[in-house]
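Quick notes on the structure that follows.
The values are calculated or read from the model by the stated rules, or taken from the named source; none is laboratory data. What you see is a predicted model, and the numbers here were worked out from it, not measured in a lab. Cβ placement follows ideal geometry from the backbone for every residue including glycine, while neighbour counts extend to all protein chains displayed. These area figures cover heavy atoms from the full protein model, side chains too; ligands, DNA and RNA do not enter into them. Shrake-Rupley method; radii C 1.70, N 1.55, O 1.52, S 1.80 Å.
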Amino acid sequence: MVLPIPAFIVRPGFIRAVIGMILGGVTIGTAYAALALGEKYIVALLCMAIFGLLFGGVRGLLLGLILHVPVHLLLHWPVPPQTADFGTILVALIVYLVLVPGGMVTHGFLVKRFIGAGIVAVLVVPAYVTFLIPFPLAPGGGVVQGSLLILAGVGGTFGFLWGIGALAPGASAHEGPTYWAAVEAAQKPRFGLREAIALARKVIPPLIETFRPLIQPIAVAVGVTLGLVFIIFMIATNPIVPVSRLQTANEAASAAAVTGDKLVAFIVVTFVVIGAVATLAIGLALLMRYANREVNVAKEMKPEPLKNPPWPLRLADFVISWINDIFSGLRSTFQR
């Protein structure tokens with residue numbers, strides 16, 4: 001495993017080691033800060049780290065931690081606590097629901113290409129939104145400067161060794177890490193722009209054929225839902241003919257008053273519900289398409305006569321299978 005740095009700045013020794021040291025220190029320091037702060041920071045860290053480890057091993061874990069650095073910066077700045085200011089609310093929505101999930105999907109694409117991006121979009125991003133909004137985590141104890149410096153130093157040391165090539169296969173061999181890195185790169189299948197275009201030409205037409213009938217029903221359902229929500233919202237906030245009597249002078253406790261926190265929660269819940277319905281419809285469409293394809297394949301198969309061996313052979317097969325099941329159970333029991 002060699003630090004992936006562009007070829008124009010790769011030199012044996014100093015530059016590569018310094019870049020790895022900076023990258024390792026910032027990455028481990030940011031991960032520690034996320035664990036210490038808790039709340040939304042630790043949710044994003046765990047989503048990216050766990051997915052990377054499960055689907056990409058050590059490489060995926062390191063890539064997730066590295067990509068977590070810009071995600072952590074987005075969550076930490078420039079999004080202050082939500083107020084009634086429209087610009088602040090808009091920035092918070094863009095960061096929480098667009099940029100951070102976009103970073104997670106990018107991580108999945110780099111680990112497992114389109115399959116990874118799809119898995120992240122279906123599993124990791126909803127998990128992030130779920131823990132971010134309905135089940136927010138408690139805040140942590142805060143960052144300790146001494147611990148931050150120690151862990152950043154450990155990460156910088158690891159990055160220095162990684163950058164210089166100490167973790168590469170054959171680092172102590174006569175050929176050197178550069179040779180082994182070239183061999184490792186040559187063994188990987190090439191996936192460039194031409195391959196991506198060919199894959200898109202192969203995959204996109206069946207997807208269009210599958211999703212085209214869903215566009216009109218989803219558009220109608222979304223339009224009706226948004227229309228009803230708008231009507232209810234206008235009735236509830238009507239200043240001319242109030243639908244309910246004022247119960248409190250505190251806007252945060254009033255059901256009729258619209259504050260920044262309430263508006264953000266309302267918009268998020270609306271988009272989550274509509275997105276869940278649309279995702280369920282897309283999943284059902286893909287499942288029916290797969291089932292329809294299997295049914296068509298089964299229809300095209302030629303019928304074969306049912307093979308019915310004589311009863312002594314059937315009895316012998318039953319006895320042998322029965323004994324085999326007994327021994328398999330005993331073997332698994334003793335192995336445990």
Inset, instruction - Quickly run through region 98-110 and pick out the residues that are hydrophobic (A, V, I, L, M, F, W, C) and under 16 Å from Leu46 (Cβ atoms). - result: Val100, Met104
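Pick from region 120-135 the residues that are part of a helix (DSSP H, G or I), open to solvent by 30 Å² or more (accessible area, probe 1.4 Å) and not hydrophobic (A, V, I, L, M, F, W, C): which of them is modelled with the highest pLDDT? Quick ask: steps written out before the conclusion?
Restricting attention to region 120-135, the residues satisfying the condition of being part of a helix (DSSP H, G or I) are 120-132.
If we keep only those that are open to solvent by 30 Å² or more (accessible area, probe 1.4 Å) too, we end up with 121-123, 126-127, 130-132.
Among the residues that remain, those that are also not hydrophobic (A, V, I, L, M, F, W, C) are: 126, 130.
Numbers: Pro126: 86, Thr130: 83.
This residue is Pro126.
On the given criteria, is Gly141 over 27 Å from Val269 (Cα atoms), touching a residue at least 60 places away in the same chain (Cβ under 8 Å) and touching a Gly at 6+ places or on another chain (Cβ under 9 Å)? Give the derivation first.
Details: over 27 Å from Val269 (Cα atoms): yes; touching a residue at least 60 places away in the same chain (Cβ under 8 Å): yes; touching a Gly at 6+ places or on another chain (Cβ under 9 Å): yes.
So Gly141 passes the test.
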Inset, instruction - For region 220-233, enumerate the residues that are exposed (fewer than 12 other Cβ atoms within 10 Å of the Cβ) and within 18 Å of Ile267 (Cα to Cα). - result: Gly223, Val224, Gly227, Leu228, Phe230, Ile231, Ile232
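Can you tell me which of Gly52, Gly29, Gly25, Gly57 is in contact with a helix residue (DSSP H, G or I) (Cβ under 8 Å, 6 or more places away or on another chain) and more than 15 Å from Leu151 (Cα to Cα)? Lay out the reasoning, then the answer.
Values: Gly29 fails: more than 15 Å from Leu151 (Cα to Cα); Gly25 fails: more than 15 Å from Leu151 (Cα to Cα); Gly57 fails: in contact with a helix residue (DSSP H, G or I) (Cβ under 8 Å, 6 or more places away or on another chain).
Result of the check over Gly52, Gly29, Gly25, Gly57: Gly52.
Give the residue, chosen from Ile115, Ile150, that is over 23 Å from Ala31 (Cβ atoms), assigned to a helix (DSSP H, G or I) and at pLDDT 75 or above.
Details: Ile150 fails: over 23 Å from Ala31 (Cβ atoms).
One residue alone meets the criteria, Ile115.
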Legend entry - Condition broken by Ala117, with the remaining ones in (1) buried (at least 16 other Cβ atoms within 10 Å of the Cβ); (2) of a type in the set (A, V, I, L, M); (3) touching a residue at least 24 places away in the same chain (Cβ under 8 Å) satisfied: (3)
